[in-house]
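Heads up, the thing below is written out as structure tokens.
The values are calculated or read from the model by the stated rules, or taken from the named source; none is laboratory data. Since we're looking at a predicted model, the values are computed, not measured. Quick reminder, even Gly has a Cβ in these numbers, built from the backbone with ideal geometry, and neighbours come from all protein chains shown. Accessible surface is based on the protein model in full, side chains and every heavy atom, while ligands, DNA and RNA are left aside. Shrake-Rupley method; radii C 1.70, N 1.55, O 1.52, S 1.80 Å.
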Amino acid sequence: KAGVTQTPRYLIKTRGQQVTLSCSPISGHRSVSWYQQTPGQGLQFLFEYFSETQRNKGNFPGRFSGRQFSNSRSEMNVSTLELGDSALYLCASSLNVVDGYTFGSGTRLTVV
Amino acid sequence: AQTVTQSQPEMSVQEAETVTLSCTYDTSENNYYLFWYKQPPSRQMILVIRQEAYKQQNATENRFSVNFQKAAKSFSLKISDSQLGDTAMYFCAFMSSTGTASKLTFGTGTRLQVTL
């Protein structure tokens with residue numbers, strides 16, 4: 001079966017712009033989570049959605065937001081981009097979170 | 001807040017040998033879940049093995065096994081018969097079973113190199 005699909009794979013944006021990243025979970029998975037991965041901070045939890053509701057949120061500024069659609073697809077948005085937002089953004093989906101998540105290959109965002 | 005510590009930034013092992021990656025964590029909870037994820041250069045995080053804290057038996061998945069010491073809050077990963085394809089970053093992760101369930105807290109990772 002298809003895995004978790006993230007688009008685009010790579011993205012270059014200018015400081016001050018906004019960006020939207022997309023994630024299509026495995027069919028049937030209703031939980032979708034987002035993580036930011038940087039060399040300095042490692043893997044950090046952004047938020048988790050379940051059945052279109054944000055169920056859990058990490059410690060990121062309000063510039064980071066997300067949503068989930070009725071088909072479980074999810075998007076995350078970052079407004080007013082800063083250089084420090086350059087990172088690999090990973091999406092993960094799960095049927096039952098305590099069984100673990102399946103991750104996508106990520107979107108590499110570079111802010112210049 | 002829970003923390004996860006991986007004290008070995010890099011490790012190297014020869015093909016066919018056995019290697020153990022260390023992980024310790026800090027929590028006041030009694031029930032929780034622990035995971036090892038592998039991240040090869042392709043960037044995709046792959047679930048290697050999971051352990052439920054209320055189960056005393058150590059989890060095993062083929063060549064991968066864990067040594068779970070709940071009292072010591074230790075969760076090490078043993079890779080037997082190492083293969084070149086095991087070369088990757090390995091992350092230990094914690095998930096609560098309570099209010100913050102669904103959030104994974106990761107360690108900083110151990111870079112494993114398997115050599116000929």
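Taking the Cα centre as origin and putting +1 on Lys and Arg beta-carbons and -1 on Asp and Glu beta-carbons, what dipole magnitude results for region A:1-55, to the nearest 20 debye? Let's see the in-between values first.
Values: 6 positive and 2 negative charges, 29 e Å.
My answer is approximately 140 debye.
Can you list which of the chymotrypsin sites (Phe, Trp or Tyr not before Pro) found in region B:37-92 are DSSP loop residues with at most 16 other C-beta atoms within 10 Å? Mind dumping the intermediate values first?
Working: sites: B:37, B:54, B:64, B:68, B:75, B:90, B:91; in loops: B:54.
Sparse-neighbourhood loop chymotrypsin sites (Phe, Trp or Tyr not before Pro): B:54.
Reported to two decimal places, what Rg/Rh ratio describes chain A when computed on Cα atoms with Rh from the Kirkwood expression?
Values: Rg = 13.1 Å, Rh = 13.9 Å.
Result: Rg/Rh = 0.95.
Across peptide A:92-98, the mean count of Cβ atoms from other chains lying within 10 Å of each residue's own Cβ comes to 3.
In the P(r) worked out for the protein assembly as shown, what percent of Cα pairs fall beyond 32 Å? When every Cα pair of the protein assembly as shown is considered, 19 percent fall beyond 32 Å. Taking Cα centre as origin and charging only the Cβ of basic (Lys, Arg, +1) and acidic (Asp, Glu, -1) residues, the dipole magnitude of the protein assembly as shown rounds to 520 debye.
Less than 5 angstrom separates the built amide H of residue B:8 from those of B:22, all sequence-distant by 5 or more or on a different chain. A Cβ-based charge dipole, computed about the Cα centre of chain A with Lys and Arg at +1 and Asp and Glu at -1, lands at about 160 debye. Taking amide H as placed 1.01 Å from N in the peptide plane, residue B:103 has its amide H under 5 Å from the amide H of B:96, each at least 5 places away in sequence or on another chain.
Can you tell which of B:74, B:102, B:22 shows the greatest fluctuation in a Gaussian network model of chain B with Cα springs below 10 Å? Among B:74, B:102, B:22, the largest mean-square fluctuation in the Gaussian network model of chain B belongs to B:102. Pairing chains A and B buries close to 1700 square angstrom of accessible surface in total, based on protein heavy atoms and a 1.4 angstrom probe. The trypsin sites (Lys or Arg not before Pro) found in region B:42-74 that occupy coil by DSSP, while having at most 12 further C-beta atoms within 10 Å, are B:55. In this structure the protein assembly as shown gives 48 Å² per residue of accessible area when probed at 1.4 Å with all protein chains present. The figure for residue A:82 is an accessible area of roughly 90 square angstrom, using a 1.4 Å probe on the protein chains alone. Across q = 0.17, 0.23 Å⁻¹, region B:1-108 modelled as identical point scatterers on its alpha-carbon atoms has Debye log10 I(q)/I(0) values of -0.77, -1.35, in the order of the q list. Between residue A:5 and A:24, the built amide H atoms are under 5 Å apart, and every one of these is 5 or more places off in sequence or on another chain. Within the listed set A:24, A:33, A:70, the Gaussian network model of chain A (springs between alpha-carbon atoms below 10 Å) gives the highest mean-square fluctuation for A:70.
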